[in-house]
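Novice: Next up is a structure, given as structure tokens.
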Amino acid sequence: MYRSSTSLMAVAALAVLAAGCRTEPETAPRPVGAVSAANGDSARRGPGAAGAPAPRPYSRVVTSDAESDSGLFTTHRIDEKLLYEIPREALHRDMLLVTQIAQTTLNVGYGGQALDNRVIRWERRGNQILLRDIRYDIVADPGTAVARAVAAANYSPILASFNVEAYGEDSAAVIDVTRLFTNPPAEFSPTQRIRGQVDNNRSYMERVSTFPENVEVRATVTVNVPQTPSGQQQQRSPFGPAQLPPGAASVLMHYSMVLLPEQPMMARVADDRVGYFTVSQLDFSRPEHRSERRRYITRYKLEKQNPNAAISEPVEPIVYWVDPATPEWLVPYVKAGIEQWQPAFEAAGFRNGIVAREAPAMDEDPEWSAEDARYSVIRWLPSTIENASGPHVHDPRSGQIIEADVQMYHNIMNLQRSWYWTQAGAVDPRARTLPLPDSLMGELVQYVVAHEVGHTLGLQHNMKASSAYPVDSIRSESFLRRMNGHTPTLMDYSRFNYVAQPEDSIPVDLLIPQIGPYDRFAIMWGYAPIPSASSPDEEQPTLDRWARMQDTASYLRFSTRGAGGADPGSITEAVGDHDAVYATELGLRNIKRLVPMLLPAAEKPGESYETLTELYGRLVGQWGTEMRHVAVIPGGVETQERYGTGERFTPLPRERQERAVRFLQENAFATPEFLLQPDVLRRIAPDGAITRIASAQSNVLNLLLSDDRIQRLVEFQLVDGGQNAYPATAFLTDVRNGIFSELRGGNVRVDPVRRQLQRNYVATMARKISPPESSGNASPFAQQAPAPGSSDVRALARGELNTLDGQLRAAIGRTNDRATLLHLQDLRKEIERTLDPSA
């Protein structure tokens, strides 16, 4: 029988298990990051090493000069030294160590960003205290026989060891932890972000605060950055430490050590039909005839004050604090974005389940810190990055969210301005003049805050939601009022309602996504108590019944696992992709309306044309984005995540796929003359118009002709057959004939934009025949082309180029335009080189 997670025995992750199979020397290993108050050499000896100094009398260690404070640990500050007095009851308890860079040097992230978090445990071994790294990746019920083998694979790494300097009352061990924070172990050192070595002489303690369930420490850590060796390039990977100019780099580190609940919150088993972030455990003691990977959702712990009430105040609400660095005029909007989730929690049975509070002033609470792991904070970061993120820290035993820090980068406002203008500017008069009114920008910031808070509550993106409603419905005010917006969730990348037309007279408050029915459903599914259940297994029948509500309410569905890019209804940045052709047609009308609005919005006497340049580029980008929503229809499938109740993937009808190709030929691949306005282009740059349009078209073309899409069409014809299948040969013929439609005319003439598109087509097909050789420094994240001959794609591409070569040869004699003639001859030469590399 499965037991609650409190009875689970943690063991090492599989990678650690494999590492543990190595034979180690019998001598004691040298612990990582060992520290001591007595002397540096003894601090680096292993546990129980001979010659370790004996503990001294308490009064000689904790002198009258000590500044002491009691809490989870009693802390003692003596000059630059920090002592922990660890009571016996705090040993062998799981704690969460959250490490953040509170203040940073230039070009090394931003103050308030997380560096590391891990579960730790303090253990005593003789006159030493060990700090161990605890993992819960694989587990076993200790009452089972397999638990012995699992436990034998788990030897928790030692992060640091400390000599006991003295013993206090009730044998509380006093240790010197100074260097744990001023020269931390590699696992949570700033050298993860800055290449170099910590300089002990320029690193020191700043502050320590202790509370009943946590200890907060701040320290300035200085890293010596070495000279880059001659002939070597600086490290540029976004995942590795920054290579700064030689010299010193100092950061203010904040370490939060929080006691985890002795009785973990009861975990809730994850379900792919509802989008939550998860923790994963490989459980070797389940009754299944295999090791079962159990996934639990991440969520805050919420309990009702009145368990019998349908809706009750929580015992403790989820509280988010507003960073005092937030621009004052935005504070009300940030708070509104947090509390926008209250209706969703009411669906789960909690009134005021989530609340916003402003951070106290320094004179009100000098101990309050945004880095304190007890506080979830909406952080405002001084950055030119146009983004925001919503990470959270959770208990790996149960998925309980401990705290979260939403990171709002200052230039998110610039991104929201551009998005809103290109998507809603044609229907919202407030967006016609830039800069946007503060009230509108506040609403856009509120939307971003609410979206990121959703992530910190445990919710993943749900790109499926944008295809839930019929396109005409999201042009109806009454429908939008009833459903609270044009998409069922804030967690989709369905930004602003670009489908709405001016004649629809949609109120501006309905253009921005709101908390929708999926949000209320997902929070209910994850947070609503199930009083009749006392274990995760007992909850599952109720959770399954709730999840099956999706069978009759499509707007409650979540993105289907394994669909990848095959489901046109799960595409990012889409509105109304239930019928992406119709939605894109409507979006295109609004883009055309916005072109003549560019100059009135962005041209200001005495100001540069930077805004005009950016807006025009974003408008072209929006055009390309909407066209890509149509390009994923050929070879596409309709999906619904199911658990044992039917098919999950259904190929789209042939007529729908053919309609998408026709739309692209008429709109994406035709020269968009409405974007080639001289009064705009002559203010932006002397050239680049063709390149800008061609780049957008190339992105659509490459997506449409992706190997995966072609291969799916081949497979659909094999599996489904009949009239419903759209054969890959027919698809490729339709694409080629549309892109080279000029070749069928009596007097062949191809304009410069189309010439570039046709060159890109030939180059794309050539790569399918002879993929470029991979260079040694290729990114490991780049999509790799299939090996030649690994599918039908190469043969199909070769056939298309052969046919095209014949069409080009016939057309050459029917043109009197020299530029077109040279273009056709050049294409034939490129095809010849592809089909016969020796030519």
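Novice: Can you tell me which residue among M441, M408, M413 is in a strand (DSSP E or B) and either over 30 Å from M266 (Cα atoms) or free of Cβ contacts under 8 Å to residues at least 40 places away in the same chain (or both)?
Specialist: None of the other options fit; the residue is M408.
Novice: Which of the helices (runs of 4 or more DSSP H) found entirely inside the stretch 676-748 contain at least 3 residues meeting this: crowded, with 18+ Cβ neighbours inside 10 Å?
Specialist: 689-704, 707-719, 728-739
Novice: Another question, then. Which one is surrounded by the most Cβ atoms within 10 Å (Cβ to Cβ), of the residues in the stretch 62-87 that are part of a loop (DSSP other than H, G, I, E, B) and of a type in the set (S, T, Y)?
Specialist: Taking the candidates together, the pick is S70.
Novice: Okay, next question. Considering only the stretch 455-514, state which residues are in contact with a Phe, Trp or Tyr (Cβ under 7 Å, 6 or more places away or on another chain), over 14 Å from V575 (Cα atoms) and not hydrophobic (A, V, I, L, M, F, W, C).
Specialist: G458, Q460, H461
Novice: Suppose the filter is touching a strand residue (DSSP E or B) at 6+ places or on another chain (Cβ under 7 Å) and acidic (D, E); does E638 pass it?
Specialist: Spelling it out, E638 is indeed touching a strand residue (DSSP E or B) at 6+ places or on another chain (Cβ under 7 Å) and acidic (D, E).
Novice: For a quick check of your reading of the model, give me the residue pairs whose first member lies in the stretch 667-683 and is of a type outside the set (V, I, T), whose second is assigned to a loop (DSSP other than H, G, I, E, B), with beta-carbon atoms closer than 8 Å and at least 6 apart or on different chains.
Specialist: R683/E603; R683/Y609
Novice: Does any residue of the stretch 374-384 turn out to be surrounded by fewer than 15 Cβ atoms within 10 Å (Cβ to Cβ) and of a type in the set (V, I, T)?
Specialist: Yes, the stretch 374-384 contains a residue that is surrounded by fewer than 15 Cβ atoms within 10 Å (Cβ to Cβ) and of a type in the set (V, I, T).
Novice: Would you be able to tell me the number of residues in the stretch 295-332 that are hydroxyl-bearing (S, T, Y) and either part of a loop (DSSP other than H, G, I, E, B) or more than 23 Å from the chain's Cα centre (by Cα) (or both)?
Specialist: 4
Novice: If you take just the helices (runs of 4 or more DSSP H) that sit entirely in the stretch 476-554, which of them hold at least 2 residues that are of a type in the set (S, T, N, Q)?
Specialist: 536-547
Novice: So Q281 passes all but one of these: (1) touching a residue at least 24 places away in the same chain (Cβ under 8 Å); (2) surrounded by fewer than 20 Cβ atoms within 10 Å (Cβ to Cβ); (3) assigned to a strand (DSSP E or B); (4) not aromatic (F, W, Y). Which condition number does it fail?
Specialist: (2)
Novice: Scanning the stretch 183-205 for residues that are more than 19 Å from I158 (Cβ to Cβ) and out of contact with any strand residue (DSSP E or B) (no Cβ under 7 Å at 6 or more places or on another chain), which turns out surrounded by the fewest Cβ atoms within 10 Å (Cβ to Cβ)?
Specialist: The extreme case among them is N201.
Novice: Look through the stretch 514-532, keep the residues that are in contact (Cβ under 8 Å) with a residue 24 or more places away in the chain and hydrophobic (A, V, I, L, M, F, W, C), and return whichever of them is nearest to S494 (Cα to Cα).
Specialist: I515
Novice: Further question on the same structure: Within the stretch 596-618, can one find any residue that is under 17 Å from A574 (Cα atoms), surrounded by fewer than 21 Cβ atoms within 10 Å (Cβ to Cβ) and out of contact with any Gly (no Cβ under 9 Å at 6 or more places or on another chain)?
Specialist: yes
Novice: Check the stretch 662-674 and report whether any residue there is under 23 Å from A426 (Cα atoms) and either at pLDDT below 95 or of a type in the set (S, T, Y) (or both).
Specialist: Yes; the residues of the stretch 662-674 include at least one that is under 23 Å from A426 (Cα atoms) and either at pLDDT below 95 or of a type in the set (S, T, Y) (or both).
Novice: Within the stretch 547-566, can you find the residues that are closer than 21 Å to A344 by Cβ and in contact (Cβ under 8 Å) with a residue 24 or more places away in the chain?
Specialist: Hits for the stretch 547-566 are A547, R548, M549, Q550, A553, S554, Y555, L556, R557, F558, S559.
Novice: Can you confirm whether S383 is part of a loop (DSSP other than H, G, I, E, B) and polar (S, T, N, Q)?
Specialist: Against the criterion (part of a loop (DSSP other than H, G, I, E, B) and polar (S, T, N, Q)), S383 qualifies.
Novice: Of all residues in the stretch 568-577 being within 20 Å of the chain's Cα centre (by Cα) and assigned to a loop (DSSP other than H, G, I, E, B), which is surrounded by the most Cβ atoms within 10 Å (Cβ to Cβ)?
Specialist: Step by step, filter the stretch 568-577, then rank; the result is A574.
Novice: Return the residues of the stretch 540-569 that are acidic (D, E) and touching a strand residue (DSSP E or B) at 6+ places or on another chain (Cβ under 7 Å); say none if nothing qualifies. Before the answer, list the steps.
Specialist: If we filter the stretch 540-569 for residues that are acidic (D, E), which is where we start, we get 544, 551, 567.
The one that is acidic (D, E) and touching a strand residue (DSSP E or B) at 6+ places or on another chain (Cβ under 7 Å): D567.
Novice: I'd like the residue in the stretch 610-664 that is free of Cβ contacts under 8 Å to residues at least 40 places away in the same chain and either in a loop (DSSP other than H, G, I, E, B) or under 28 Å from the mean Cα position of the chain (by Cα) (or both) and, out of all such residues, is farthest from E715 (Cα to Cα).
Specialist: The selected residue is G644.
The values are calculated or read from the model by the stated rules, or taken from the named source; none is laboratory data. It should be emphasised that the depicted structure is a prediction, and the values quoted were computed from it without experimental measurement. Every residue, glycine as well, gets a Cβ built from its backbone with ideal geometry; the counts of neighbours run over all protein chains shown.
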